[in-house]
Amino acid sequence: MIPRRIMGLETEYGLLCASKTAGYPVVDAEEAAHELFAPLLKRTRSTNAFLPNGARLYLDVGAHPEYASAECDDLGDLLANDRAGDELYVRMARKAEEKYAELGGQLHLFKNNIDSYGNSYGCHENYLVRRRRDFRARIDSLIPFFVTRQILVGAGYLQVSDDGARYKISQRADIMNDAVSAATTRSRPMINTRDEPHGDAELYRRMHVIVGDSNMSDTTTALKFGATEALLHVIEAGKRLPTRELADPVLAIRQVSADATGRALLELKDGSTMTAVEIQREVFELVRDHFAAHGWLDKLDPIRAYVFDLWGRTLLALERDEPEKVSTEIEWIAKLLLLERYAERLGADLGDPRIQRLDLAWHDITSAGLRGPLEKSGGLTTLLSAERIEEAMSIPPQTTRAKLRGDFVALAMDSRRDYMVDWMNVRLVDESGAHQILLKDPFSAVDERVEGLMEIMDSA
């Protein structure tokens, strides 16, 4: 049986209240964020709230709206819960715009990772792993995979400077300055080792990956999580990755991002060299062969089966210099081809301001962005129906702890009860005092204690 794994995705968004008529913002980001969160503040008395769909929505430092998905063990649930976060913010922005209508203001929310001033904001992947003494050694062995994974899942980065414009694969690559670290402020590691499992600490750790880009594409997000999840299954089964220790991971990640062919030569610690495509090919074949040997390939759900297919097809497309073969599925390729076509039509280069505006519109989750039209036209392949995304806005994943939290929050809100929740706790306050329950098992979607608290609310 294929193991279950809890996964989650945290996304920070860029926020801008632009003028439809002038060249400057109507209000600054702080004021726009305040208006964006005003309805949530009124309803929950906080700008940090867990939602009925099991996710957490909050205002982070620097006026960045953030959304942390519910715990998911199903890849389709993760994609739907993530897209639900986008749609929740879109509707919040639509409401906030009413205040600025007379000023011609329009709110934009950007699902990217760097602004025009060079400020960065994150996209964090979370994977529950078993607690082991060799955790650090296993994490270190994954660095070559994460350094080169961007050729599959980068969001594309149009870097414009005084020297001109250059297209790179990843928005996060150039701001990484460490491979593995527990630091959160003084450095940006590819993997953060701060030990917050959000579960039974004797059994689990949380692998906190902060090297990846935010993605607009369903298929690229699926590949990002699906390939990583599959590799973790293989490693936890005792399989070792080939020793491919990079001489300088921080330099290597920049080299990979700067070479859209995937063939930049990366120096290994033993003095040999390999390309990003070669390292990814080695990982892919190791994972595929392990799944095949255990009979798991035949048991994959449709989205995970699609991930294996896309992983192999993308590597083949890069090896044969045929990126157009995956141009509706791999985000950095889809965006590059779009920008190049538009530049050719205009007779301009990639540094043209009109191309820069198109690049920014790619990441805009509001109606001013490109994702909706591209998905409708087939320019971006979709994996989710509008109905599934709508459902995920209010209904939590049904197979994890998120169901307990989401159902509890929904009933507490409807009943106007005093309550508190976080990733591991639910708390109800009534005349008899506070009733708090610790939920240590993130895989459990059923708990009689939580049901008892909900019965108290129902009977009042």
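The values are calculated or read from the model by the stated rules, or taken from the named source; none is laboratory data. Please read all numbers here as calculations on a predicted model, not as lab measurements. Backbone-built Cβ (ideal geometry, glycine too); neighbour counts: all protein chains shown. Each accessible area value is taken on the protein alone, full model and side chains, heavy atoms only, with ligands, DNA and RNA left out. Shrake-Rupley method; radii C 1.70, N 1.55, O 1.52, S 1.80 Å.
Figures for the structure shown
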{"item": "In region 104-138, the residues that are touching a Ser or Thr at 6+ places or on another chain (Cβ under 8 Å) and among the basic types (Lys, Arg)", "result": "Lys111, Arg136"}
{"item": "Within region 357-378, tally of residues that are out of contact with any strand residue (DSSP E or B) (no Cβ under 9 Å at 6 or more places or on another chain) and in a loop (DSSP other than H, G, I, E, B)", "result": "2"}
{"item": "Any hit, region 29-51, residues being surrounded by 19 or more Cβ atoms within 10 Å (Cβ to Cβ), under 21 Å from Leu384 (Cβ atoms) and in contact with an Asp or Glu (Cβ under 9 Å, 6 or more places away or on another chain)", "result": "no"}
{"item": "Pairs, first assigned to a strand (DSSP E or B) in region 431-460, second β-branched (Val, Ile, Thr), C-beta under 8 Å, six or more apart", "result": "His435/Val429; His435/Ile456; Gln436/Val426; Ile437/Val426; Ile437/Val450"}
{"item": "Residues being open to solvent by 30 Å² or more (accessible area, probe 1.4 Å) and either within 16 Å of Ile143 (Cα to Cα) or modelled with pLDDT of 95 or more (or both) - total across region 262-275", "result": "7"}
{"item": "Matching residues in region 310-356 - criterion: being part of a helix (DSSP H, G or I) and loosely packed, with under 13 Cβ neighbours inside 10 Å", "result": "Glu324, Arg341, Glu344, Arg345, Leu346, Pro353, Arg354"}
{"item": "When residues of region 111-125 are limited to those that are open to solvent by 20 Å² or more (accessible area, probe 1.4 Å) and in contact with a strand residue (DSSP E or B) (Cβ under 7 Å, 6 or more places away or on another chain), the one farthest from Ser181 (Cα to Cα)", "result": "Asp115"}
{"item": "Qualifying position, being part of a helix (DSSP H, G or I), touching a residue at least 40 places away in the same chain (Cβ under 8 Å), open to solvent by less than 40 Å² (accessible area, probe 1.4 Å) and more than 21 Å from Cys123 (Cα to Cα), among Tyr100, Tyr89", "result": "Tyr100"}
{"item": "Residue among Val209, Val234, Val180 that is among the β-branched types (Val, Ile, Thr), surrounded by fewer than 24 Cβ atoms within 10 Å (Cβ to Cβ) and touching a Pro at 6+ places or on another chain (Cβ under 7 Å)", "result": "Val180"}
